[in-house]
Amino acid sequence: MALKDHKSIPTAEVARLIDLHLGELREENPNWQVIDSPISGRGVFARRDIKRGELIFREHTLLNGPTASKDTLLNTCILCFRLLEGDMKQVLCPAGCSLPVCVACQQTGEHDKECKLFRYWVPKDTTRINPFSLRIVSVMRCFLLTREKRKLLLAMQANSDKYYMRELERASECFENFPKDKETLGFFYRTVSVYNTNAFEGRSNVDGHETSVRALFALAGLMNHNCTANSSHHFDDARTIVVMAARDIAQGEEITATYTKILWNTFARQLFLRGTKHFICECKRCLDPTENGTYLSALFCREQGCKGIVIPVQSKILQPDWRCTSCETVAPHAKMARYQDFALNTINNRINTSTVHELITFINEMCPRFCPPSNYVLVEAKLNVIWRMSRFKGEFSEEEMQHRDRYRDEILEIMEKLGAGDCTLKKLITNEIP
Ligand SMILES: [Zn+2]
Ligand SMILES: [Zn+2]
Ligand SMILES: [Zn+2]
Ligand SMILES: [Zn+2]
């Protein structure tokens with residue numbers, strides 16, 4: 001369900017506010033424009049033909065802040081995302097706002113307003129970093145926006161969800177004097193909803209310290225979803241996103257982004273999109289049970305003597321029957337869903353508990369017994385090997401590197417079949433973007 005308001009601001013006004021927001025990054029004659037979309041609400045469209053690899057736009061965040069998630073280091077400066085070393089006394093802002101801020105950022109004055117606001121709320125504990133109050137920094141910054149940017153924030157789509165309130169409740173428990181009035185809480189709640197509906201998980205890398213950043217982009221956030229999008233994106237730094245054409249895009253075509261993982265099968269993508277984005281995708285790939293011949297959903301046929309694979313008969317409904325492509329036996333969805341869950345749990349369990357070496361052996365020797373090589377769970381496991389080996393360079397045998405290269409070629413072939421062009425994942429696994 002969408003919160004009201006965002007549609008009451010005309011699209012032309014949103015386009016004007018976006019131009020203002022882009023500021024110096026706005027090109028004189030952009031190859032895109034913001035107009036109403038047949039997919040949903042508003043969208044970004046090609047104003048002229050755009051060539052594969054061409055820059056579409058660069059944009060600074062409207063809002064950002066630390067995600068403060070479990071797997072990140074909390075002692076990271078909330079402004080420049082540099083790792084802060086030393087004891088808590090050296091890491092925390094000396095003014096007593098309870099936030100980690102580096103000395104350089106303390107001196108620029110950029111932190112002054114939010115520092116004052118946090119101190120006004122009176123943090124209960126100023127001796128350590130609390131992840132819940134750290135996470136609210138990204139939301140609290142909505143107060144510091146200019147009038148125009150605030151209007152733009154309110155124009156962004158916001159789905160409501162009862163869990164979003166928890167974020168505010170948890171933060172309020174960290175302060176003596178957290179705002180209680182309806183208007184402020186309403187604005188906060190809306191900002192949390194806008195984040196959850198539109199945010200990109202940004203990556204910041206400062207001096208080799210990588211951290212995840214909650215990043216809200218007004219223009220990039222307007223791009224509608226397609227399971228095989230025609231644009232790719234990466235981050236120049238924690239506050240700058242770069243969107244490029246993954247394929248040739250014709251004048252008038254909508255410029256799309258992918259909200260899911262590109263290698264998930266249709267069932268996994270639909271479940272995610274319904275659950276978190278509140279819509280059903282009807283793109284070409286979603287309507288094709290073979291997903292452009294990639295067979296990302298395929299499971300083995302269980303009929304005696306048959307060595308075929310089973311795929312959904314059609315994908316327009318969430319619980320379709322499945323049929324073997326060899327013996328044509330039909331299996332009910334519930335049965336195949338249990339089989340897919342088994343494969344998913346078995347493989348994910350191994351991913352979480354194995355070394356890279358063990359995982360490679362498992363993928364090569366055990367998986368072929370219960371899971372077709374094209375199944376997305378197995379493909380994701382191979383991707384996991386690639387990520388892990390790229391993070392720990394130089395500790396692997398020749399043989400392991402050969403397996404990794406083979407997995408990469410397989411994944412590139414799948415993306416080629418999908419027609420994904422130079423998509424974000426392709427650029428990542430070929431090291432085109434860091
Ligand atoms: Zn800093
Ligand atoms: Zn401070
Ligand atoms: Zn789709
Ligand atoms: Zn069969």
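The values are calculated or read from the model by the stated rules, or taken from the named source; none is laboratory data. What you see is a predicted model, and the numbers here were worked out from it, not measured in a lab. Neighbour counts run over all protein chains shown; Cβ positions are idealised from the backbone, glycine included. Surface areas here come from the heavy atoms of the whole protein model, side chains and all, with no ligands, DNA or RNA. Shrake-Rupley method; radii C 1.70, N 1.55, O 1.52, S 1.80 Å.
What to note about this one:
- Rounded to 0.05, the FRET efficiency of the Leu25 and Glu400 pair, given R0 = 45 Å and the Cβ-Cβ distance, is 0.60.
- Convex hull per residue volume in Å³, alpha carbons only, for segment 206-245: 93 Å³
- Ranked order, Thr353, Thr126, Thr294 - accessible area, probe 1.4 Å, largest first: Thr353, Thr126, Thr294
- Choice from Glu167, Glu59, Glu358 with maximal GNM fluctuation in the chain (Cα, 10 Å cutoff): Glu358
- Of all DSSP bridge pairs formed entirely within the chain, close to 95 percent run antiparallel.
- 5 angstrom amide H check on Cys80, placed H, neighbours 5+ away: Cys102
- Which of Phe272, Phe132, Phe217, Phe370 is most accessible, then next, and so on - probe 1.4 Å: Phe132, Phe272, Phe370, Phe217
- With N the number of residues in segment 11-64, Rg(Cα) / (2.2 N^0.38 Å) evaluates to 1.18.
- Rounded D (µm²/s) - segment 266-429, Kirkwood Rh over Cα pairs, Stokes-Einstein at 25 °C, 0.890 mPa s: 144 µm²/s
- Coupling constants for segment 378-390 follow from the phi torsions by the Karplus curve (6.51 cos²θ - 1.76 cosθ + 1.60, θ = phi - 60°), and in residue order they are 5, 4, 5, 5, 5, 5, 4, 4, 4, 4, 5, 6, 6 Hz; glycine and proline get x.
- Segment 55-63 - phi-based ³J(HN,Hα) in whole Hz, Karplus 6.51/-1.76/1.60, Gly and Pro as x: 5, 9, 7, 10, 8, 8, 4, 6, 9
- Rounded accessible area per residue of the chain, 1.4 Å, Å²: 50 Å²
- Acute angle (nearest 10 degrees) that the helix 398-418 long axis makes with the longest principal axis of the chain, alpha-carbon atoms: 90 degrees
- Around the amide H of Ile309, modelled in the peptide plane, lie the amide H atoms of Cys301, Thr325, Ser326, all under 5 Å away and 5 or more residues distant in sequence or on another chain.
- The Kirkwood hydrodynamic radius of segment 63-216, based on inverse pair distances between different Cα atoms, is 15.8 Å.
- Scaled against 2.2 N^0.38 Å for its residue count N, the alpha carbon radius of gyration of the chain is 1.07.
- Accessible surface, 1.4 Å probe, highest first, among residues Arg190, Arg338, Arg58: Arg338, Arg58, Arg190
- Using θ = phi - 60° in the Karplus curve 6.51 cos²θ - 1.76 cosθ + 1.60, the 3J(HN,Hα) couplings for segment 247-264 round to 9, 5, 10, 7, 3, x, 6, 6, 8, 10, 10, 9, 8, 10, 6, 5, 8, 5 Hz; x is entered for Gly and Pro.
- Helix 333-353 vs. the chain, principal-axis angle (Cα, 0 to 90°, nearest 10): 60 degrees
- Span from the segment 141-170 Cα centroid across to the segment 275-350 one, whole angstrom: 38 Å
- The chain - mean residue ellipticity at 222 nm from DSSP helices (-39,500 (n - 2.57) per run, n ≥ 4, rounded to 500): -10500 deg cm²/dmol
- Taking the 1.4 Å solvent-accessible surface of the chain as the whole, the part contributed by carbon and sulfur is 51%.
- Remark on Arg203: its backbone amide H falls under 5 Å from those of Val213, a criterion applied only to residues 5 or more positions apart or on other chains, H modelled at 1.01 Å from N.
- Take 239-245, 371-377 and order them by the average number of nearby Cβ atoms within 10 Å per residue, most first; the result is 371-377, 239-245.
- Alpha-carbon Rg/Rh ratio, for segment 180-250, with Rh computed the Kirkwood way: 1.08
- Most fluctuating residue given options Thr197, Thr266, Thr72, as computed from a GNM of the chain linking Cα atoms under 10 Å: Thr72
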